[in-house]
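Quick notes on the structure that follows.
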Amino acid sequence: MNDHGPSPKNPGCLENGCGRTIPIWFPPVTHIRPTTFRVGLIGAGIQASRTPAMHMREGAEQGLRYEYELIDLEALCRGIEALPELVAAAERRGFAGLNITHPCKQAVTPLLHALSDDARALGAVNTVVFEDGRRVGHNTDWWGFAESVRRGLPDVRKDRAVQLGAGGAGAAVAHAALTLGVGELVIFDVDQDRAEAMAAGLSARFGAGRAVAGTDLAATMATANGLIHATPTGMAKHPGLPLPAELLAPRHWVAEIVYFPLETELLRVARARGCRTLDGGGMAVFQAVEAFRLFTGITPDAGRMTRHFASLGPG
């Protein structure tokens with residue numbers, strides 16, 4: 001008596017007990033998308049960050065189990081030298097990836113196997129994706145800032161703008177500013193060599209003279225249309241103004257990247273002096289939109305994430 005089983009003559013058929021073969025239907029193989037994601041944010045002084053809430057809410061709306069951890073150097077009483085250990089630990093724990101913020105956006109690049117074209121050009125990473133045993137760095141900050149300016153300051157003059165800050169976030173917003181059509185970007189930083197290096201890199205990509213390192217802030221502000229602020233000044237741990245208030249005039253637009261608090265002293269003073277302003281919330285939302293897509297492979301609802309960010313309060 002024959003056992004039921006695959007027919008040796010017809011592998012795609014089943015042989016029944018009477019010696020007859022019956023065709024077998026095999027369902028097509030489909031890729032099953034994971035529904036559980038664990039990600040994190042590495043930075044210093046980030047306990048009040050809204051990023052985890054934005055990601056987890058959107059994950060829930062997408063039907064995912066989405067966990068987001070804060071890995072705060074200050075809370076851990078660690079310095080930036082702990083970054084290699086923290087990245088490796090997240091990878092071992094099965095994280096889908098990491099967001100990276102101040103002061104780690106440039107320091108993380110040597111720890112990665114590959115960089116996206118944007119991250120390579122900018123020399124700064126704010127998103128790391130773990131995939132197939134590799135660490136791949138991306139920069140979603142520049143797109144986040146660009147999208148925020150497109151929506152929030154759509155019709156401002158951009159002949160000449162001043163940027164304060166040439167760090168990792170500064171690299172991203174400078175790239176965005178020139179992509180948006182700023183004619184000349186004048187970069188100021190406490191480290192003049194860093195400002196000059198950034199200006200040289202930008203000019204190589206966008207054209208000679210598009211970016212220069214500034215030396216006289218007052219004189220440059222007198223002829224500029226706008227100001228981009230890309231330093232930690234104004235954050236809860238770094239209160240204050242990044243430039244003298246008297247340098248701001250009604251002809252200026254002011255774009256801020258700090259988003260906690262959302263209402264920085266710079267924005268308050270700029271509005272009081274008649275400037276158009278843009279807070280850092282838009283950049284925070286739109287960089288998170290792209291990071292979510294990189295982590296999950298799912299395009300999130302940007303409008304929903306914007307509304308959720310706004311619902312978290314003024315900060």
Grab the Cα-Cα distance for residue 132 and residue 159, subtract it from 0.36 nm times how many residues apart they are, and report the gain in nm with one decimal. 5.2 nm
Please name which of 286, 45, 77 has its Cα lying farthest along the dipole of the chain towards the positive end, using unit charges on Cβ (Lys, Arg +1; Asp, Glu -1) and the Cα centre as origin. 286
Could you sort 101-107, 235-241 so that the peptide with the highest average Cβ count within 10 Å comes first and the rest follow in order? 101-107, 235-241
For the stretch 132-214, just say rounded, prolate or oblate: build the C-alpha gyration tensor, square-root its eigenvalues into a ≥ b ≥ c, call rounded for a/c under 1.5, and beyond that prolate if a/b exceeds b/c, oblate if not. oblate
What order, most packed first, do the peptides 294-307, 248-261 have when packing is the mean number of other Cβ atoms within 10 Å of each residue? 248-261, 294-307
Taking r as the C-beta separation of residue 299 and residue 114 and R0 as 22 Å, the FRET efficiency to the nearest 0.05 is 0.45
Rounded to whole Å, give me the distance from the Cα center of the stretch 258-315 to that of the stretch 45-120. 18
If one builds a Gaussian network model of the chain from Cα atoms under 10 Å apart, the most fluctuating residue listed among 207, 165, 144 is 207
Assigned charges on the beta-carbon of Lys, Arg, Asp, Glu; the chain dipole about Cα centre (debye): 640
Quick calc, the stretch 142-278, dipole around Cα centre from Cβ unit charges on Lys, Arg (+) and Asp, Glu (-), nearest 20 debye, gives 440
Only helices counted: for the chain, with every DSSP H run of 4 or more residues adding -39500 (n - 2.57) and the sum spread over all residues, [θ] at 222 nm is -10000 deg cm²/dmol
Would you give the gap between the C-alpha center of the stretch 162-195 and the C-alpha center of the stretch 209-230, rounded to a whole Å? 9
Within 10 Å of each residue's Cβ, count the other Cβ atoms and sort 138, 175 from fewest upward. 138, 175
For the residue pair residue 208 and residue 251, what label-to-label distance in nm results when each label sits 7 Å from Cα along the Cα-to-beta-carbon direction? 2.8
Between 0 and 90 degrees, rounded to the nearest ten: what's the tilt of helix 302-311 against the longest Cα principal axis of the chain? 60
Charges on Cβ only, +1 for Lys and Arg, -1 for Asp and Glu, centred on the Cα centroid of the stretch 142-278; of 243, 232, 179, which one is farthest towards the dipole's positive end? 179
Computed about the Cα centre, the charge dipole of the stretch 51-126 from +1 Lys/Arg and -1 Asp/Glu charges at the Cβ has a magnitude in debye, to the nearest 20, of 100
In degrees, nearest 10, the alpha-carbon axis of helix 168-179 is tilted away from the dominant principal axis of the alpha carbons of the chain by 80
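A short reminder: the numbers here are calculations on the coordinates, not readings from a lab. Quick caveat: nothing in here was measured; it's all calculated off a predicted structure. Reconstructed Cβ throughout: ideal geometry from the backbone, glycine too, with neighbour counts over all protein chains shown.
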